[in-house]
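Asker: I have a structure here, written as structure tokens, and I will follow up with some questions on it.
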Amino acid sequence: MKIFKGKSVEFTKEKEVKTVPSFMGSVKDYFGPQLISQENISKQMRFVMFLALLAVLFITNQFHAEKVVNDVDKLKKLRDEKRAEYISTASDLMKITRQSEVIKLIETQNIGLKPLTQPPLKIEINKEN
């Protein structure tokens, strides 16, 4: 304590107390009455719009992916049906083109054709230079 011209003056230094903000304290500060103010809403509007755009894009992408998967499944079923039809048609064609089947078909339609009894002859042409 020091005395100046008859008066006593006390000088005391108060220590500054540094408090580390706790998690709950910062959450309370964030969700305080300032959260809903016009200024804060206008500051965050771009970010909110960006998040909304991302949500719309995500939903659209999800719908498109499901549509593509459904289309692929339909095409696989169609491919299997066409393959079965091809195999069936090919086996019918093999059956119809057998010599015995061709002879039966000619006889039922009375075209007047007869099967060969002799083997075909080979014709050779000699080229003279």
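Asker: Note down all Cβ pairs under 7 Å where the first residue falls in the range 102-129 and is closer than 20 Å to D92 by Cα and of a type outside the set (D, E, K, R), the second is part of a loop (DSSP other than H, G, I, E, B) and modelled with pLDDT of 85 or more, and they're at least six residues apart or on different chains.
Answerer: I106/L113
Asker: Right, next: Kindly establish whether L93 is part of a loop (DSSP other than H, G, I, E, B) and either of a type in the set (A, V, I, L, M) or surrounded by 10 or more Cβ atoms within 10 Å (Cβ to Cβ) (or both). Let's see the steps before the verdict.
Answerer: On the way: part of a loop (DSSP other than H, G, I, E, B): no; either of a type in the set (A, V, I, L, M) or surrounded by 10 or more Cβ atoms within 10 Å (Cβ to Cβ) (or both): yes.
Here the answer is no, as L93 does not meet what is asked.
Asker: Can I ask one more? Against the condition modelled with pLDDT under 95, basic (K, R) and part of a helix (DSSP H, G or I), how does K127 come out, does it pass?
Answerer: So K127 fails the test.
Asker: Could you list all residues from the range 49-105 that are among the basic types (K, R) and over 30 Å from L116 (Cβ atoms)? Talk me through it step by step, then tell me what you get.
Answerer: First, pick out the residues of the range 49-105 that are among the basic types (K, R): 67, 74, 76-77, 79, 82-83, 95, 98, 104.
Scanning the range 49-105 gives K67, K74, K76, K77, R79, K82, R83.
Asker: Go through the range 96-114 and report how many residues are loosely packed, with under 10 Cβ neighbours inside 10 Å and in a loop (DSSP other than H, G, I, E, B).
Answerer: 5
The values are calculated or read from the model by the stated rules, or taken from the named source; none is laboratory data. Just so we're clear, the structure is a prediction, and the values are computed from it rather than from any experiment. Glycine also receives a Cβ, built like all others from the backbone with ideal geometry; neighbour counts cover every protein chain displayed.
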